[in-house]
Structures are given as C-alpha cells and as structure tokens.
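The values are calculated or read from the model by the stated rules, or taken from the named source; none is laboratory data. All of these numbers come straight from a predicted model, not from anything done at the bench. We place every Cβ from the backbone using ideal geometry, glycine too, and count neighbours over all the protein chains shown. We work out accessible area using only protein heavy atoms, side chains counted, and drop any ligands, DNA or RNA first. Shrake-Rupley method; radii C 1.70, N 1.55, O 1.52, S 1.80 Å.
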Amino acid sequence: MTDLDSWRERLVVWVAAMTAGFIVVMFAKAAEYATSFFFSLQKTSWWLPLVVTPAGGMLIVWITNRWFLGAGGSGIPQTIAALQDKGSRSEHPKLIGLKLAFGKIFLGVGALAAGFSSGREGPSVQVAASVMHAFRRFLPSGFSVHPKHLILAGGAAGISAAFNTPLAGIVFAIEELGRHFEQKTNGVIITAIVLSGLVSMSLEGNYTYFGHITVGKIDKDIIAPIIVCGLVCGVLGGIFSRTLIESSTRMNGKLGVFRALHPLWWAGFCGVLVALLGAISDGAAHGSGYIFTQNILNGTNTSTWQYAPIKYLATIFTYLSGVPGGIFAPSLSIGAGIGNDMLPLFGHYHAATAISVLCMAGFLAAVTQAPLTSFIIVMEMIDGHEMVISLMAISLIAAIISRIFSTPLYSTLADKQISSITNDNQKPQTNME
C-alpha cells in the first residue's frame, strides 16, 4: 500500500468518526425534544399518556417489523453479534447498516415521544457502528484493519459521544465489544473516540452528563454503604437482567401465545402498563429518567420511595413491548432511586449524593456485568474522580452478585441474535411459482 493509500485510509477513518459523532449528537438532541414533547402532553392532560403510549407503541412496533427488523431493543447485542460472527453476517440487515441506523434514530426518538422508559445511549452504539462500517467502501485495497474493526470503533465512539465519556468509550470497546480483537485495532478505536468526542464537544460544549456533583467527604464510613448497596444492586440488577434475557425468547402460557400471535396488541398492552405507572407516579415512569436522576443528585428530589420500583417495572415493560430503546440511562436512573431509598439505613445524610452515585454504578454494573465500563461512565458523568475506588468496589461487588442470577446480558442477547439469523438462513426455501 502506497503512502497515498495510507493517507486515504486515515482520512476515511477520520471522516467516518466525525460523521458518527455528529449523527449521535443530533440523535441526542432529537431525543431531548421528543422527551420534552411527551412531558408537555402529559402536563396538558394526565390521561393523554393512556392513549399516546399504547398507540405509539403499536405504531412503532408495526414500522419496526415492517421495514426495520433488527432495530428493536438496545442495539448493543446486534453490534456484538456483528463482531463475533466469523462469517459475513456483519453485513446482515438485521445487525448493522445505514437503513437500520436511520430506523434506530427515527423509532428510538418516537419511543421517547410516546413516553416509553428508554434511553438513546445504547442505540447510539448501533447507529455509530453502522455509520462507520458504511465507510468501508471508500477504503483503499489492502486496508490494514478489517472492516469489522470499524464496527468496533464505531460502537466505542457511540458510547463516548452519547455520554461525553471518552475513557468509558475505550473501556467499553475492550470490555464489552471487542474481547477477541487484536491490538492493531487500538489506533482505529482511539481515533474514532477522539474525533467523535471533538465533534460532540464542538456542538454541545465540554460538559459532564449530570454536571459537577458535590458528593461530600468520602472516608471509611463509606465502606458499609458500598457493601450493602453492592449486594442490593447486585440482586436487583441480576433479576432485571435475567428478566430481559428470558423475555427475549418465546414466553410460556397464554401471555406468550398472545405476544407471538398479536405483537402489535402486545406492544399496546405494554404501553398501557407504562402509562398506568406514569399516571400513579406523576410521569416518573416515562423517558430516560435524566431529570429525576439529576434532581436526586442535586438534592432537590421530590420523588417518593416508589420511584425506583416504578422505573424498574416501566423499563422492563418497555423492553417487552419491542420498541427500539436502550437501558443504560434508565438503569442509571433506577440506581439513583435505589440509593435514595436506602439513605435511611445509613444515617449519613451528608453523603446522600454519594450513596445515590454508588447505586448508579452498582445497578448498571449488575445489569450489564461490565463493571469497568459502569464505574468509569458514572465517574466521568459526574466528574467524580474522588470516588474512583468506591465506584470501582461497588461495581465489582454488584457484578459478581449479579452472576448468581443471570448470564451477561449483552453477550447472551448477541448469541440469541446469531442463533436466530442462523435458523433463518437454514430454513428451506419454498418454490412459490
């Protein structure tokens, strides 16, 4: 490969990374507008979500099944499946592609506008991976890195740009996406993260996701909360993860039959449940949970003890409905709610924010079983470097406890994606003539 080809190769990767970062930021802005739109509807009339959420869910699932198969759910399992398969399935329209990226954005924003409990950070992984992978056609022959490595770099860039957490993007690529990839991909990954991060920073400024949070004095008194919160988050996060995994396969009983035969009515049914949870919680069940989490961290929380269980159930019902949407942001929100509920156990009210921050990292680590990514995301999101050891400890404890109840969420769902596509490919083709 000539020097000209080498520079062309670099230019393609740079442009791909900046494009992915730009699209993820636009996705984030669209998601914010969609969430604001829904809450404006909810404030107008308390009963509107009882109509909008189920109707929106039915429409979104119909569009997904009709034109965007593979856009449902988080998007991280599809990305992992595209990376893990040794064949050519990374090209499969159910895993990675520009059409899927467009559908993911459009339908993910629609799910938030309809009031479902979901986030856009997980979908950003599939979107950014699809965008970067699409640029493979512009690479010169003899490209030194396999096109699948663009998927890996794109996924990492998606997390980085979505949360504005570059270090977490690198760790996420290593811990969750690229466990079997060679060292020669590191340059592409870091380049993608840096450039996508620069685009995000230029458009939204050098911000932290939840702002700079004052957590108070961290000393030996934090040890007991770390252990107790780690155990609680590990159990609850493991059950949460197990529920999502089990629901990704065929359900038993009459509900399972109803879901299989009538996916649109099932989506509407799940939407009704989310709307009812929202009605009894003054809207706490809806959206990513960002505002409620920020209020908890800032000490201006007015939510009751019911917030965590309501958000927990609403996120499960959202996933069951089949609408596109991620669980990263809702998991952080649930964790903050759990921490807020556990404050009376410790009596250290001066460290109230610290307890909530610990549970954010603990619950996310339990759900994903990716402790390094979890504690680094939370640390970067709150600019909380003074809590590094505490966040690391609770993330490891919660992830270990979670394994008693569930296998790793994303890799298990990725295996199901690969198995599903394999079964589809092996089905006999009938002669329709």
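Extension gain for W265-S6 works out to 87.9 nm (0.36 nm per residue, less the C-alpha to C-alpha distance).
Each label point was placed 7 Å from the Cα along the Cα-to-Cβ direction; for S419 and D221 their separation is 4.9 nm. Taken as Cα centroids, the range 26-52 and the range 320-396 sit 26 Å apart, rounded to the nearest whole angstrom. Please report, as a whole percent, how much of the solvent-accessible surface of the range 97-163 comes from carbon and sulfur atoms (probe radius 1.4 Å). For the range 97-163, the apolar C and S fraction of the accessible surface comes to 69 percent. Using R0 = 25 Å, the C-beta based FRET efficiency linking W62 and L255 works out to 0.80.
Which whole-Hz ³J(HN,Hα) couplings does the range 131-136 yield from phi under the Karplus relation 6.51 cos²θ - 1.76 cosθ + 1.60, θ = phi - 60°, glycine and proline marked x? Once θ is set to phi - 60°, the couplings for the range 131-136 become 5, 5, 5, 5, 7, 4 Hz.
Each other residue within a Cβ distance under 15 Å of F405 adds +1 if Lys or Arg and -1 if Asp or Glu, for a net charge of +1.
If you plug the beta carbon distance of N298 and V235 into 1/(1 + (r/R0)^6) with R0 = 25 Å, you get a FRET efficiency near 0.35.
Between V15 and S247, the modelled label-to-label distance comes to 4.2 nm, taking each label 7 Å out from Cα in the direction of the beta carbon.
If R0 is taken as 35 Å, the Cβ-Cβ distance between I389 and E32 corresponds to a FRET efficiency of 0.55.
Residue separation of L167 and F138 scaled by 0.36 nm, minus their Cα-Cα distance, works out to 7.6 nm of gained length.
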